[in-house]
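As structure tokens, the structure follows; a few thoughts come after it.
Please treat every number below as a calculation from the coordinates, not as lab data. Because the structure is predicted, anything quoted here is derived from the model rather than measured. Don't worry about glycine lacking a Cβ; one is built from the backbone with ideal geometry, like all the others, and counts go over all protein chains shown.
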Amino acid sequence: MENEKSKFDHIKGWAVDADSRNEPTYPMKKYTGDDHQRLNYTRPYQQPRNVEVLHSNERPGLTAVFGTSVPPSGLSGKVRRYAFNYSEGSFGHWLPLLLADRINVAEGIIDDFRKGVIPNILSEKGWKAEWKYNRKGLVQKVLVTAAVTVVVIGLLRKGNANG
Amino acid sequence: MNYRGPFRVRADRDKPYPEILHPGDAIVRVTRSCICGSDLHLYHGLVPDTRVGMTFGHEFTGVVVETGSLVEKLKPGDHVLVPFNIACGVCPFCKQELYGNCHESNAEATAVGGIFGYSHTAGGYDGGQAEYVRVPYADVGPVVIPPEMDPDDAVLLTDVLPTGYQAAEMGGIKIGDTVVVFGAGPVGIMAAKCAWLFGAGRVIVIDHLEYRLDFVRNYAQCEAYNFRSLEDPVLFLKKTTGDYGADVCIDAVGCEAAGSAMQTITGRKMLLQAGSATALYWAINSVKKGGIVSIVGVYGPTFNFVPIGNVVNKGITIRANQTSVKRLLPKLISHIQSGYINPKAIVTHRVPLEEVADAYHIFSSKLDNCIKPVLIPPSAYI
């Protein structure tokens, strides 16, 4: 150990937390003698529910506190409610949630317009930073997108003319 | 900060001021918040139940402005660092100091506890990339920042440093061990640095971005290799560790790993698995028989293509968890004060909160040699 220590003198704090008991390392189960009662703890005060909160069907009711960030709404909300019929181990839970997220993006744009906000998608995507730090890449992307668009439109027109 | 969909965020002024919703809550005025590599999984649309209108941000510090009637340990004016876990402190898992697994903070899933600003799968809480934030269980998580501590050090104690430290700790590193860290992002950098504190004899970091490899070599005094320049990273690691493999491998990448076309297409592009598990795949195959693989990279909740047969055949121990930040804070504050770790050195970008969209794009696209961006709200005075 002393030889090892001198070898690593250049590294501040080398082995300061070395502990021969660190196996198989944290977290070790802490036995309290009444583990069979593990779920019989005094639950914290319950946060009142004033918005819709979906909860996993793997637990009864809500946790003592919960987030209220964006309650489910609209079509995406319906899909999310459906998803929560399934357990966390099921694709029936997670795949509808991913679908709901995509629906929610369209709902967000509609909601913006409803509130009189025109979403500045280029700004939201951080294109100002792209212009500042990756101008060449941005120009390339724009040119490639434009070229692909022109080719696709050309092919469609040709198809229509032939049809 | 307002999430509008994959790769789209903006700064909005019309989100309501947070309220005390539970007598154990506090309202905190944010002074610093970071963008975490894990936030990028949300930003890229990979985490289920990430709803449009959410505010991200699970790494933040702030000044307490209001407390609920049950809060005893904090008072208005306290400058606190807030661990990313929302933990009740009394359930069986919190009693075991598994604050990342609290049973009373996330109604929407049981596998993970509540996390600030991390989708509804982690509880549906708004996060700290804002001017004000609601902090539940204010007597449990938040810690008053020591007066002499730099605010940038403090904000890195809310996730990045403890996660890197716990990654090394879960590796069960013994004196002289060879440790391989996959990923040279902020957490991988900290894991490499902390591996030395447990007595590692050799620390190797694998990534594919040269600027991050340069950074980790200097910051963590380790070897660092670009897997793009290696024909086979697993074979290289076997050869460089005496043909046996590393004693400990750490996955500090998670669900957006590059390096395997199959994993990238099925995991990141088609979402047919819970993210690409390339780093984990390499970790399992690069560790020695009987070795330990420590996972702190974030994965989704569904299945992944991982070589579980090799785990069995090699007798590997796998350790993994969300970090129990609160448990580690006293030790890590002491390590910063002793000069063993200098977390703020990884902060490369300080960005006004109003420019959050640019900050996300810079971090996500690895522009301007970005290692760690910190957002400063307009109301922050420090």
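At a glance:
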quantity: Distance between the stretch B:162-217 and the stretch A:98-163 - C-alpha centres, whole angstrom; calculated: 39 Å
quantity: Positive-pole candidate from B:320, B:336, B:363, dipole of the stretch B:309-376, charges at beta carbon; calculated: B:320
quantity: Sites residue B:337 and residue A:99 - FRET efficiency at Förster radius 51 Å, r taken between beta-carbons, to 0.05; calculated: 0.55
quantity: Residue range of chain B that is longest and free of GluC sites (Glu not before Pro) which are both DSSP loop and sparsely packed (at most 15 other C-beta within 10 Å); calculated: B:232-382
quantity: MRE, 222 nm, helices only [DSSP H, n ≥ 4, -39500 (n - 2.57), over chain B, to nearest 500]; calculated: -7000 deg cm²/dmol
quantity: Cα centroid separation, the stretch B:52-81 to the stretch B:341-369 (Å); calculated: 23 Å
quantity: DSSP-defined beta bridges in the protein assembly as shown - what % are antiparallel, rounded to 5; calculated: 45 percent
quantity: Inter-site label distance for residue A:85 and residue B:218 at 7 Å from Cα along Cβ, in nm; calculated: 5.8 nm
quantity: Positive-pole candidate from B:6, B:27, B:42, dipole of the stretch B:4-48, charges at beta carbon; calculated: B:6
quantity: Extension gain from residue A:62 to residue A:106, taking 0.36 nm per residue of separation minus the Cα-Cα distance; calculated: 12.9 nm
quantity: In degrees, nearest ten, helix B:210-220 long axis to first principal axis of chain B (Cα); calculated: 80 degrees
quantity: Spin-label pair residue B:244/residue A:161, simplified geometry with 7 Å Cα→Cβ offset, distance in nm; calculated: 7.2 nm
quantity: Residue-averaged beta-carbon neighbours from other chains (10 angstrom radius) around A:111-123; calculated: 2
quantity: Chain B - percent relative contact order, Cα under 8 Å, separation 6 or more; calculated: 18 percent
quantity: Antiparallel DSSP beta bridges within chain B, percent to nearest 5; calculated: 45 percent
quantity: Lysine pairs meeting the criterion (Cα under 20 Å, 8 or more apart or interchain), as found in chain A; calculated: 5
quantity: Pairwise label distance in nanometres, residue B:175 with residue B:14, each label 7 Å out on the Cα-Cβ vector; calculated: 6.4 nm
